[in-house]
Amino acid sequence: MSGPYADGPSGAVAAGGQSDVPQGASYADEDLRQQPIGELLKRLSNETTTLVKQELELAKAEMTQKGKRAGVGAGLVGASGVLGLLALGALTTAIIAALDLAMPLWLAALIVALVYGAIAGVLALKGKDKVQEATPVAPEQTIETVKEDVQWAKTQTPSGRK
């Protein structure tokens, strides 16, 4: 099995950069059957706690990253809304007045409204793409490492070994 837990959860490097299994060693190097059950249970408890903490830290980091992406997308969508409102503002009036010198007033107003509408549409599409980049909201990397942990655990049980 490859991945961060190839030597088991304890073989993973903790947040502090330390591992509780000597470098180059794994569970296969030890004869766990010779250790007392109390020691094995204590070790299992410690490793499970460490694993859960690491998975929660990974999920938190992944969700923070996705939240930032969603925020950028929402900001772009908001900007497109503001730009759409500007179509009703003073700038619109000035442009329409300038175009009115060369064409009927109604045609000048229609042209300005179409240009602003096109700009707002482009910004809305870009914002939508940014929001979609942040989905699904599930912490995908964490889910994958938990699946790897389950597979590793299955191979460590007597009935799972072949």
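Summary of computed values
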| quantity | calculated |
| --- | --- |
| Relative contact order computed over the stretch 69-132 (Cα-Cα under 8 Å; 6+ residues apart), in percent | 63 |
| All lysines inside 28 Å of residue 53 as judged from Cα atoms, apart from same-chain residues fewer than 8 positions distant | 42, 66, 68, 147, 154 |
| FRET E, pair residue 110, residue 68, Förster distance 35 Å, beta-carbon r, rounded to 0.05 | 0.30 |
| Separation of the residue 79 and residue 98 label points, Cα + 7 Å toward Cβ, nm | 2.3 |
| Karplus-derived HN-Hα couplings along the stretch 123-135 (A = 6.51, B = -1.76, C = 1.60, θ = phi - 60°), whole Hz, x at Gly and Pro | 4, 4, 5, 5, x, 4, 4, 5, 5, 5, 4, 7, 9 |
| Segment residue 61-residue 126, extension gain: residue separation times 0.36 nm, minus the distance between their alpha carbons | 20.9 nm |
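Every number in this text was worked out from the coordinates using simple rules, so none of it is lab data. This one's a predicted model, so the numbers in the text were calculated from it and none came from an experiment. Virtual Cβ from ideal backbone geometry, glycine too; neighbours counted across all protein chains shown.
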